[in-house]
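A short write-up of the structure that comes next.
The values are calculated or read from the model by the stated rules, or taken from the named source; none is laboratory data. All values reported here derive from a predicted model rather than from experimental measurement. Every residue, glycine among them, receives a Cβ derived from its backbone with ideal geometry; neighbour counts consider all protein chains shown.
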């Protein structure tokens, strides 16, 4: 059985609170958020839908008590199918009696919120964290929704040691970025827009700078273009064994050793090069060159100073 959560929070923490609450109750939540003016129509629409995914979390922001009263029947229907969050920044007490719920009071000050969660979780697992490690963790993770995930990575990483130090934070967060960037590349190759958006939010929430994401994608595009250029060397349906032989011959035929080998297809690990080659076949040369052009343009804009840098990167990815 699903349920309704009434949360009292602050406007400045709304986004983080909503994501945190959604992940608390549902795995891989699909958020549908509505403010007062849209709440009635959206709730009625969802309540009358024949099919609705069970990982949907419907969030109503600052609904008026009269709106909740009018939607009582629809809320009763929906709470059997999905999770609902009623989030009030005005701490309206009338919502408590209408919903028959005690509110979840969310701490307003960000550092206090994070510290309380870190202390509770480390104590639960018999660990302590140094002040320097906490400061580094707090600065690296912008979205509080990822605190629990990152803490569990830290706890697993330190093993039998009782104290989590700053070097542990550096190692685990960096390693996580590498794996997640590969997931971003795989989602891009599969043209999975929702997954791309989710991974971007995750990376940025962990504190990875948008230029680091850009640099990774630019490298991948260059390698995919190299792979595209080698397509005439391979049959349409070739096996890895044959591919690895040909890629080794390509390396031997290069008359000089490039200073930065990681930028050349022939110097990649054979299976990675094989995967790149398979991926490049999914795109035309024009598409790959176009996206590399978008990334180059983005690089210049950011370095000159631009607003909405994340939006620009997303627009470039989704335009591919």
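Let me confirm something: among 283, 291, which residue is in a helix (DSSP H, G or I), surrounded by 15 or more Cβ atoms within 10 Å (Cβ to Cβ) and modelled with pLDDT of 70 or more? Steps first, answer last, please.
On the way: 283 fails: in a helix (DSSP H, G or I).
Being in a helix (DSSP H, G or I), surrounded by 15 or more Cβ atoms within 10 Å (Cβ to Cβ) and modelled with pLDDT of 70 or more holds for just one of 283, 291, which is 291.
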**Asked** Do you know which of the residues in region 28-82 that are surrounded by 19 or more Cβ atoms within 10 Å (Cβ to Cβ) and part of a loop (DSSP other than H, G, I, E, B) is nearest to the chain's Cα centre (by Cα)?
**Response** 29
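Tell me the helices (runs of 4 or more DSSP H) entirely within region 103-166 that contain at least 1 residues that are in contact with a helix residue (DSSP H, G or I) (Cβ under 6 Å, 6 or more places away or on another chain) and either closer than 28 Å to residue 93 by Cβ or in the same structural domain as residue 13 (by TED's automatic domain parsing) (or both). Reasoning before the result, please.
Values: elements: 110-124, 131-140, 147-158.
So the answer is 110-124.
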**Request:** Could you grab me the full set of residues in region 1-26 that are within 22 Å of residue 113 (Cβ to Cβ), assigned to a loop (DSSP other than H, G, I, E, B) and either modelled with pLDDT under 85 or outside the structural domain of residue 77 (by TED's automatic domain parsing) (or both)?
**Result:** 10, 26
